[in-house]
Amino acid sequence: MDALTALQQRVSSPRLTAPAPRGQALEAIFAAALRAADHANMRPWRFLVIEGEARHALGRLFVAALEADNPAVEAAQKQRVADKPLRAPMVLVAVARCRPHPKVPELEQLLSAGAAVQNMINAAYAQGVGAYWRTGSMAYDPLVAQGLGLEEGDKIVGFVYLGTPVGTQRPLPDLAVTDFFSHWGDP
């Protein structure tokens, strides 16, 4: 698939199954992250790859965070939270590792981490790999960050679910470019 088609036609794949990407396909997804826009070449991103039993461990960590916030949480809610990492055979935890820099504020570093994630989901789509970028409360929970071994100041920018798409893709919305772009100043 050519780059423009991938960029203009990409959709998220919320229903994923095994297999997860492997070999060259997975390496291409990872390599795409490393080409994200990155002021001062700080490379303010890191990624944790979670597969197999580690997905269950991540679910248990999510439940622990949920219980810490609400000890009276119901069993059904605990099970829903525990099952979140099982939505796909592979989960990438995208982490912004921001550091002080005189010319690159934290916001730019967070945006770079987001650009790395966008590059990965575009690369996945271009290869027929299903991808879905999620955040939610667990992305912002300090107990989850601690349980994942993140350093102080690290921020989870999302969980990227990767696998084989199930079913048909959602139709693309018909968006008019003119609804989002306008000229300013002298043409």
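The values are calculated or read from the model by the stated rules, or taken from the named source; none is laboratory data. None of these values were measured; they are calculated from a predicted model. All Cβ positions, glycine included, derive from the backbone under ideal geometry; neighbour counts span all protein chains shown.
For the range 168-187, a residue qualifies if it is within 22 Å of the chain's Cα centre (by Cα) and either surrounded by 10 or more Cβ atoms within 10 Å (Cβ to Cβ) or part of a helix (DSSP H, G or I) (or both), and the qualifying residues are Gln169, Arg170, Leu172.
Contact annotation: residue pairs with Cβ atoms under 9 Å, 6 or more positions apart or on different chains, pairing a residue in the range 115-135 that is under 23 Å from Asn41 (Cβ atoms) with a partner that is aromatic (Phe, Trp, Tyr) and part of a helix (DSSP H, G or I), are Met120/Phe30; Ala123/Phe30. Within the range 52-73, take every residue that is in contact (Cβ under 8 Å) with a residue 60 or more places away in the chain and among the small types (Gly, Ala, Ser) and give me the one that is surrounded by the most Cβ atoms within 10 Å (Cβ to Cβ). Within the range 52-73, the match that is surrounded by the most Cβ atoms within 10 Å (Cβ to Cβ) is Ala65.
Annotation note: Cβ proximity below 9 Å between a residue of the range 167-187 that is in contact (Cβ under 8 Å) with a residue 12 or more places away in the chain and a residue that is surrounded by fewer than 10 Cβ atoms within 10 Å (Cβ to Cβ) and not aliphatic (A, V, I, L, M) (sequence gap 6+ or interchain) occurs for Leu172/Gln8. Look at (1) modelled with pLDDT under 95; (2) more than 27 Å from Ala145 (Cα to Cα) and you find that Ala25 fails only one, number (1).
Ala75 meets each of the listed conditions (1) more than 24 Å from Ala37 (Cα to Cα); (2) in contact with a strand residue (DSSP E or B) (Cβ under 6 Å, 6 or more places away or on another chain) apart from (2). A single member of Val104, Val93, Val160 is more than 29 Å from Gln8 (Cα to Cα) and aliphatic (A, V, I, L, M), and it is Val104.
Taken as a whole, the structure leaves Ala94 outside the set of residues that are among the hydrophobic types (A, V, I, L, M, F, W, C) and farther than 30 Å from Ala31 by Cα.
Which of the numbered conditions does Val49 fail, given that it passes all the others? Conditions: (1) in contact (Cβ under 8 Å) with a residue 24 or more places away in the chain; (2) out of contact with any Gly (no Cβ under 9 Å at 6 or more places or on another chain); (3) more than 21 Å from Gly128 (Cβ to Cβ); (4) not in a helix (DSSP H, G or I). If we test Val49 against (1) in contact (Cβ under 8 Å) with a residue 24 or more places away in the chain; (2) out of contact with any Gly (no Cβ under 9 Å at 6 or more places or on another chain); (3) more than 21 Å from Gly128 (Cβ to Cβ); (4) not in a helix (DSSP H, G or I), just (3) comes out false. Screening Asp186 against (1) more than 18 Å from Ala37 (Cβ to Cβ); (2) in contact with a helix residue (DSSP H, G or I) (Cβ under 7 Å, 6 or more places away or on another chain) leaves a single unmet condition, (2). Taking the range 81-103 as the range and being crowded, with 16+ Cβ neighbours inside 10 Å and basic (Lys, Arg) as the test, the residues that pass are Lys84, Arg87, Arg97. Let me confirm something: among Ala37, Ala76, Ala20, which residue is among the hydrophobic types (A, V, I, L, M, F, W, C), surrounded by fewer than 13 Cβ atoms within 10 Å (Cβ to Cβ) and not in a helix (DSSP H, G or I)? Answer to the selection: Ala37.
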